[in-house]
1. I'd like the Kirkwood hydrodynamic radius of the range 62-135, using the inverse of the mean 1/r over distinct C-alpha pairs, in Å.
2. Compute the angle between helix 294-323 and the longest alpha-carbon principal axis of the chain, please, reported from 0 to 90 degrees and rounded to the nearest 10.
3. In debye, nearest 20: dipole of the range 73-144 around its Cα centre with unit charges on the Cβ of K, R (+) and D, E (-)?
4. What residue among Ile240, Ile292, Ile159 shows peak mean-square fluctuation when the chain is described by a Gaussian network model with Cα springs under 10 Å?
5. Along the Cα→Cβ direction, 7 angstrom out, place labels at Leu297 and Glu154. What is the inter-label distance in nm?
6. For the range 148-240, count all C-alpha to C-alpha pairs, find those more than 16 Å apart, and express that count as a whole percent of the total.
7. Please get the size of the charge dipole for the chain, origin at its Cα centre, with Cβ charges of +1 on Lys and Arg and -1 on Asp and Glu, quoted in debye to the nearest 20.
8. Which entries in the list Lys3/Lys197; Lys110/Lys320; Lys110/Lys197; Lys58/Lys221 go over 25 Å, if you measure between the two C-alpha atoms of each?
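Values quoted throughout were computed directly from the atomic coordinates according to the rules given, and no laboratory measurement underlies them. Everything quoted here is computed from the prediction, not taken from an experiment. All Cβ positions, glycine included, derive from the backbone under ideal geometry; neighbour counts span all protein chains shown.
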Amino acid sequence: MPKRIFSGVQPTGNIHLGNYLGALRNWVALQREYESFFCIVNLHAITIAQDPETLAEKTRELARIYLAVGIDPEVSTILVQSDLSEHAELTWLLNCITRMSELERMTQFKDKARKQQENVGVGLFDYPVLMASDILLYQTDLVPVGEDQKQHLELTRDIAIRFNRDYGETFRVPEAFIPQVGARIMSLADPTKKMSKSDEESEAGCVMLLDDADVVRRKFKRAVTDSGTEIRFDSTRPAINNLLTIYQLLTQKSPEEIEIHFAGKGYSQLKAELAEITIEFLQPFQERVSRIDDDKLDEILKAGAARAQLIAGATLAQAKHNMGLIGARS
Ligand code: AMP
Ligand code: TRP
């Protein structure tokens, strides 16, 4: 079997530079080396209440973003999670071998549950099992994600190993692919927190892929800085380190080159240059987003769902068979 990658992003809020540098960018880089599946995980999105109309719009917008960052639908499969009932169905099977205590340990659940207070849904608790199902359905080898998904990947591996042990070899055990640089882009407003689309208060610290040039300039201009004036990579100074990391990833220059370039210059120059480099990347990208027509998009998503179903359907059938779920139709 070919080596596979699978990854996904939730169609909620706005996609930001952290999503791009931590995840999407690596999908594009890996897609020709692996058989690739990129999912719009709308079933994950509804673990927090969503306005239906907005969710539907954001789902299509995210598909356009996938295409515009360079996912090639001729070589990769783009799918909408809710198009395939296999994802939800496998989740039930895996729920029955996952322990409450494992899910209670998930830091993302604890963080999100704190924000939801008394309205914590069962779906939010079960989120990691749905994610494991996404990955395991495709016999995935590698899952390119940002650092925040590491714990979910470890749980996915544990679930796969347990299922294989109890019911016979069924799932390939996947590995996380977390980039060396860019796995955790920090907020420009608070460099001790990750750049995040869900955090309303940190909107100013989050550069959206669909922000216009003036907004991008303003956000970089107001970026928090540390004490000290020297422009160099320094892990003890999170603000400068974050700005330089973004600079490094967008320009593909080496840290040495960048430090030489900024020798004797100040923060304001770094921020101004970074804003222009980001805009140079975003403008053609945004143009591509707006050029993708609706019919073409429908076609791509339909073809993606059909291709995905061949694999997901076969894996689910095998898992059911191995568990002894045999009835009149199987
Ligand atoms: P989400 O926005 O939670 O749907 O995340 C989509 C992808 O972007 C996942 O692979 C995350 O790990 C990644 N990601 C989200 N925020 C960041 C960040 N601040 N830095 C790097 N990667 C991120
Ligand atoms: N939980 C991931 C996130 O918030 C999104 C996701 C859902 C995912 N299913 C996945 C990522 C499968 C990789 C593989 O970022």
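1. About 14.4 Å for the range 62-135.
2. Taking the Cα atoms of the chain, the angle to 294-323 is about 50 degrees.
3. Working: 6 positive and 11 negative charges, 97 e Å.
About 460 debye.
4. Taking springs between Cα atoms under 10 Å, the residue moving most is Ile292.
5. For the pair Leu297/Glu154, the computed spacing is 3.8 nm.
6. Here the tail beyond 16 Å accounts for 68 percent of pairs.
7. Dipole about the Cα centre, nearest 20: 520 debye.
8. Cα-Cα > 25 Å for Lys3/Lys197; Lys110/Lys320; Lys58/Lys221; rest within.
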